[in-house]
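To start, the structure itself, in structure tokens.
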Amino acid sequence: MKIKNLLLVLMTVLTVNTAFAQTTPPSADEILNGAIKEAKAQKKKVFIMFHASWCGWCHKMDDSMNEPDMKPLFDKSFVIKHITVMENDPKKKLNENPGGMDMIKKYNSDGFGIPLWFIFDTDGKLLVDSHMRPEGTGFETKGKQIVGCPAAKEEVDEFVRALKLTTKLNKDELEKIYARFRKNDPSYKG
């Protein structure tokens, strides 16, 4: 009888541990490292976007990048991955990637909202982020704001500048991206 109870307890513990392991999202480092490996194999850069399920601008960024005319432009240059941060309960434990906020802090981007994005090379070196910094400053200087999902002219200008630095997109492709993202600005009449 004691063996039966012990087996029942062990089975319960294993079932609970298996269920927990299946519902725990991968860590931010696992996502980044996997994306770097994938990008190396595909000769691309890594585009990491920090987002949350409640974030309207995060959805707008995804929608803009995934439109039929836009998706091929981003897919030819990037392995795109998402890291979920700033979720509200009860989704926090189910959806949020452990270490996401630590990664944001590591790259001097804490204190901003989302979406927030980083572009890495295949060695894991940060190439650009979504900060809008004064000319001539580096990553050690926080921007006065972030681009997030580009909409206003200066945000889209900065986004296109980041794409020029990290991709081989041509002038026409960059102009298409510029035009699409300007449409995110409700006051834009172009």
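Quick note: the coordinates plus some simple rules give every number you see, no bench work behind them. The model shown is predicted, which means the values in this text are computed figures rather than measured ones. Please note: Cβ atoms are built from the backbone with ideal geometry, for glycine as well, and neighbour counts cover all protein chains shown.
In table form, for the structure just shown:
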item	result
Karplus-derived HN-Hα couplings along the range 53-61 (A = 6.51, B = -1.76, C = 1.60, θ = phi - 60°), whole Hz, x at Gly and Pro	5, 8, 7, x, 5, 5, 5, 5, 4
The range 64-154: proportion of alpha-carbon pairs further apart than 15 angstrom, %	68
Net charge, Glu155 excluded, C-beta distance under 14 Å - Lys, Arg +1, Asp, Glu -1	+3
Listed pairs Lys92/Lys183; Lys44/Lys171; Lys106/Lys144; Lys37/Lys106; Lys71/Lys171; Lys37/Lys183 exceeding 24 Å between Cα atoms	Lys92/Lys183; Lys37/Lys183
Listed residue (Cys55, His131, Ile80) projecting farthest to the positive dipole end of the chain, Cβ model	Ile80
Extension reserve of the Lys37-Glu140 stretch, reckoned as 0.36 nm per residue once the Cα distance is removed	34.4 nm
Under 5 Å, built H, 5+ apart or other chain: amide partners of Ile83	Met49, Phe50, His51
Per-pair calculated FRET efficiency, R0 = 25 Å: Glu30 and Asp172 via Cβ, rounded to 0.05	0.10
Local electrostatic count at Arg180 - Lys and Arg +1, Asp and Glu -1, tallied over other residues with Cβ under 12 Å	-1
Integer Hz, Karplus 6.51/-1.76/1.60 couplings in order for the range 167-176, x for Gly and Pro	10, 10, 5, 7, 4, 5, 5, 5, 5, 5
Under the Karplus curve 6.51 cos²θ - 1.76 cosθ + 1.60, θ = phi - 60°, whole-Hz ³J(HN,Hα) for the range 144-159, x wherever Gly or Pro sits	6, 7, 10, 6, x, 8, x, 9, 5, 3, 5, 5, 5, 4, 5, 4
Residue-averaged 222 nm ellipticity for the chain, from DSSP H runs of 4+ at -39500 (n - 2.57), nearest 500	-14500 deg cm²/dmol
Contact order normalised by residue count of the chain, Cα under 8 Å, 6+ apart, percent	22
(1) 1.61; (2) 1.10; (3) 1.07, with the label sought being that of the calculated Rg/Rh (Cα atoms, Kirkwood Rh)	(2)
Long-range amide H partners of Ile146 with built H, under 5 Å	Met132
Candidates per GluC sites (Glu not before Pro) in the range 74-180, loop by DSSP, up to 16 other Cβ within 10 Å	Glu135, Glu140
Given charges at beta-carbon only (K, R positive; D, E negative), |dipole| of the chain in Debye	360
Spin-label pair Asp62/Asp185, simplified geometry with 7 Å Cα→Cβ offset, distance in nm	2.6
Length released on extending from Ser53 to Arg133, taking residue separation times 0.36 nm less the Cα-Cα span	26.0 nm
In the range 19-106, trypsin sites (Lys or Arg not before Pro) in a DSSP loop with at most 10 other beta-carbon atoms within 10 Å	Lys43
Between the range 111-141 and the range 66-82, the alpha-carbon center distance in angstrom	19
Cut-off under 5 Å, modelled amide H: who pairs with Lys45 long-range	Phe78, Val79
